[in-house]
Amino acid sequence: MNIGEQKVDDVLVLSPEGRLDSNTAEAFEQRVLGRIDDGEVRLVIDLSALEYISSAGLRVLLMAAKRIKSENGGMALCGLKEAIREVFEISGFLTILNIVDDMASAVAAVKGSA
């Protein structure tokens, strides 16, 4: 799995590509939690290049959200394709996580939170 990374102002944007499943979740978890441990508490995860997410991937996103909340930061997800959005809806994650339509909205939502 390739994970793009960029800064938009003081917000870190991570963009996983491909599949976020049991084979790739550990590497993604290390990357995300490592960045939070480095002090990145304003985080956007752009899922527009994600083709598939499993429960292992959902777990990583939930862990990241909890860690950021404990650091008084903010996290938003954006760019969910219809199939990914369905997984979030079925699992109840649409109401748990901050999900917006596009990156600009996600960055704006996160900038005001930390």
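Exactly one of these conditions fails for GLU86: (1) within 19 Å of THR24 (Cα to Cα); (2) of a type in the set (Asp, Glu); (3) free of Cβ contacts under 8 Å to residues at least 60 places away in the same chain. Give me its number.
(1)
Looking at (1) at negative phi; (2) open to solvent by less than 80 Å² (accessible area, probe 1.4 Å), which one does GLY18 not meet, given that it meets all the others?
Tallying (1) at negative phi; (2) open to solvent by less than 80 Å² (accessible area, probe 1.4 Å), GLY18 fails exactly one: (1).
Yes/no per residue for (1) closer than 22 Å to ASN2 by Cβ; (2) of a type in the set (Lys, Arg); (3) in contact with a helix residue (DSSP H, G or I) (Cβ under 6 Å, 6 or more places away or on another chain):
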position	(1), (2), (3)
SER55	yes, no, no
ALA83	yes, no, no
PHE88	yes, no, yes
ALA108	no, no, no
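Looking at the range 13-24 only, could you name the residues that are farther than 15 Å from ALA108 by Cβ and not basic (Lys, Arg)? If you could, list the steps in order and put the result at the bottom.
Quick first cut of the range 13-24, residues farther than 15 Å from ALA108 by Cβ only: 14-24.
Answer for the range 13-24, where residues must be farther than 15 Å from ALA108 by Cβ and not basic (Lys, Arg): LEU14, SER15, PRO16, GLU17, GLY18, LEU20, ASP21, SER22, ASN23, THR24.
Consider GLU40 carefully, then state whether it is at pLDDT below 95 and within 19 Å of VAL13 (Cβ to Cβ).
Considered against the rule, which asks whether it is at pLDDT below 95 and within 19 Å of VAL13 (Cβ to Cβ), GLU40 comes out as no.
Being buried (at least 17 other Cβ atoms within 10 Å of the Cβ) and in contact (Cβ under 8 Å) with a residue 40 or more places away in the chain is the filter here, so list the residues in the range 1-14 that pass it.
Hits for the range 1-14 are VAL11, VAL13.
Which numbered condition in (1) among the β-branched types (Val, Ile, Thr); (2) within 26 Å of SER22 (Cα to Cα); (3) out of contact with any Cys (no Cβ under 8 Å at 6 or more places or on another chain) is the only one that VAL107 fails?
(2)
Test GLY79 against the stated conditions and say whether it is within 12 Å of the chain's Cα centre (by Cα), at pLDDT 95 or above, at positive phi and not aromatic (Phe, Trp, Tyr).
So GLY79 passes the test.
The values are calculated or read from the model by the stated rules, or taken from the named source; none is laboratory data. Since this is a predicted model, take the numbers as computed values, not measurements. With ideal geometry, Cβ positions are generated from the backbone for all residues, glycine too; neighbour counts draw on all protein chains shown. With ligands, DNA and RNA removed, areas are computed over all heavy atoms of the protein, side chains included. Shrake-Rupley method; radii C 1.70, N 1.55, O 1.52, S 1.80 Å.
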